[in-house]
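Undergrad: Supplied in structure tokens, the structure appears directly below.
Just so it is clear, none of the values below were taken in a lab; they were calculated from the coordinates. Just so it is clear, the structure is predicted and the values come from calculations on it, not from any experiment. When we count neighbours, we look across all protein chains shown, and the Cβ atoms used for this are built from the backbone with ideal geometry, even at glycine.
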Amino acid sequence: MKRPSLKLRITGWFALMMFVIEALVLAFLLAVNGTVATNDPEARLVRMVEHNADRVKYNHRQFRYGRIHYYRSGVYTVLYDADGNVLQGTFPAEFTPSEPLPLDGESVRLVDCGDNAYYVYDVHVDMMVGSVWLRGVINADANGGVMRVILPLAWSLLPVLLVLSVIGGYFIASRALRPVRQLTATANAISDGQDLKARIGLPHTSGSDEIYQLSASFDNMFDRLERSFEAEQRFTSDASHELRTPTTVILAACEDARKNAQTPADYQAALDVIDRQAHKMSDLIRSMLEITRLDQGTQKVNWEYADLSDLVTVICDEQAMVARRGIRISCAAEPGIFIDMDVFLISRVVQNLLDNAFKFGVDGGWIHVALRRTAAGAELTVQDNGIGISQENLDKIWQRFYQADPSRQENAGLGLGLSMVQQIVTLHGGAVAVTSAPGHGTTFTVTLPEHHGKEES
């Protein structure tokens, strides 16, 4: 059995709730009517007259009637002697019977007095030694008239209210679920049509309800999906482009070895070529995966408040032991500089900047690394006296796979190191800048805040 839609279920629940409320109101009216019925004019008249009759006393050879209520609860009471003469009390001015009413204790009588109608009730009080009469009069419309109008009206309005409840519930459910329909349509558009730019687009403010907040969360998720898809496309495109050259070289080396190699040295030379290109491909894939994770925001960041001074010093010492091309490394790191950082990622920043300085340095040159404390955190500089970078190329060095000097193939890297440096520094809330002059060297300056401003992951 197909489950009813959420809209119909909400409508049904709303209608049921309204029905219950209306039923309770009707039950209340019926209860009130019952109360009124027990306090209608006739009943009130009889109770009051008989109550007053009980208050008539005979003491010391005479009647005592000073405790009688001659007007109370809308009831006028008049006291008569045995001969029908008025002793105490008055009737309302509108009580004008067309003919005299004899005293009669049989039942309540309805007397028409022009525009008004009155109930009349007589009680005979016989004390054996004498008797008196009490006559009570009350307006026939004193109570109960309102309920006689309200109850039929309530019964007639009940089906109308039920219909309005259903219509109102359907309207409210439709309005409330409109964002859900938009969300579903957007999700289907992305799923069926691969339209990754589709968004729900509902306005989200601090006062928005849960549905609007949900739509904003889905829009953020769609943004991440689009970025992930674009990053995947970019990765595929970049990988296919950059892997083409080493793959071609490996295939050419294999073909040359099969056709031309005659000595072990020939085969060894081919193997050396294949080995270098395979390592280059491995480094390329690893670096591209790391960059892709940074692009997508999926790179796990292990934040810790660590000693940047010690990290920089250790990396410089390690690189000094394996210095290439006679290039000397000096390090001046101010001690005791602690910042929030991912130690592994920041070490990649320092290592990539040093690798870049080695690749584009000059034989017998120098690299100077400096670290100093600033008001906001720390400043790292990596300076060399290498070949430098022209002004027109300074803005391009952060691009992936860009080579500032493609002619230096023997020292060419992957063109990913500086791009990774920029992404990692940005992830840490810092900035990186470069100054350079051809033939005079290059200086990279990295600034890092002491605290990254986010909760620790």
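Undergrad: From the residues 343, 365, 333, which one has its Cα farthest along the dipole of the stretch 300-449 in the positive direction, the dipole being from +1 and -1 charges on Cβ of Lys/Arg and Asp/Glu about the Cα centre?
TA: Looking along the dipole axis, the top candidate is 365.
Undergrad: For residue 88, enumerate residues with amide H under 5 Å from its amide H, sequence gap 5+ or separate chain, H modeled in the peptide plane.
TA: Close amide H contacts, sequence-distant or interchain: 79.
Undergrad: If I take every Cα pair under 8 Å that is 6 or more residues apart in the stretch 41-142, average their sequence separation and divide by the length, what percent do I get for the relative contact order?
TA: Relative contact order here is 32 percent.
Undergrad: Taking 25 °C and 0.890 mPa s as the conditions, I'd like the Stokes-Einstein D for the stretch 300-449 in µm²/s, using the Kirkwood hydrodynamic radius from alpha carbon pairs.
TA: Once the numbers are plugged in, D ends up at 158 µm²/s.
Undergrad: Could you run the Karplus curve 6.51 cos²θ - 1.76 cosθ + 1.60 with θ = phi - 60° over the stretch 338-347 and give me ³J(HN,Hα) per residue in whole Hz, x for Gly and Pro?
TA: Residue by residue, the stretch 338-347 yields 10, 9, 6, 6, 8, 4, 4, 5, 5, 5 Hz.
Undergrad: With r defined as the distance between the Cβ atoms of residue 258 and residue 451 and R0 fixed at 45 Å, what FRET efficiency is calculated, to the nearest 0.05?
TA: 0.15
Undergrad: While we're looking at this one, here's another question. If you average the sequence gap of Cα pairs under 8 Å that are 6 or more apart and divide by the length of the stretch 300-449, what percent do you get for the contact order?
TA: 24
Undergrad: A further question follows. Collect residues whose amide H, placed 1.01 Å from N in the peptide plane, falls under 5 Å from the amide H of residue 333; neighbours closer than 5 in sequence don't count.
TA: Counting only residues 5 or more places away or on other chains, the set is 371.
Undergrad: Arrange the peptides 166-174, 64-72, 43-51 so that the one whose residues have, on average, the most other Cβ atoms within 10 Å appears first.
TA: 43-51, 166-174, 64-72
Undergrad: What whole-number distance in Å separates the alpha-carbon centres of the stretch 58-109 and the stretch 364-401?
TA: Cα centroid to Cα centroid, the span is 117 Å.
Undergrad: Also, quick follow-up: Cβ neighbours within 10 Å, averaged per peptide: list 98-108, 303-313 in order, most packed at the top.
TA: Taking the mean over residues of other Cβ atoms within 10 Å, the ranking is 303-313, 98-108.
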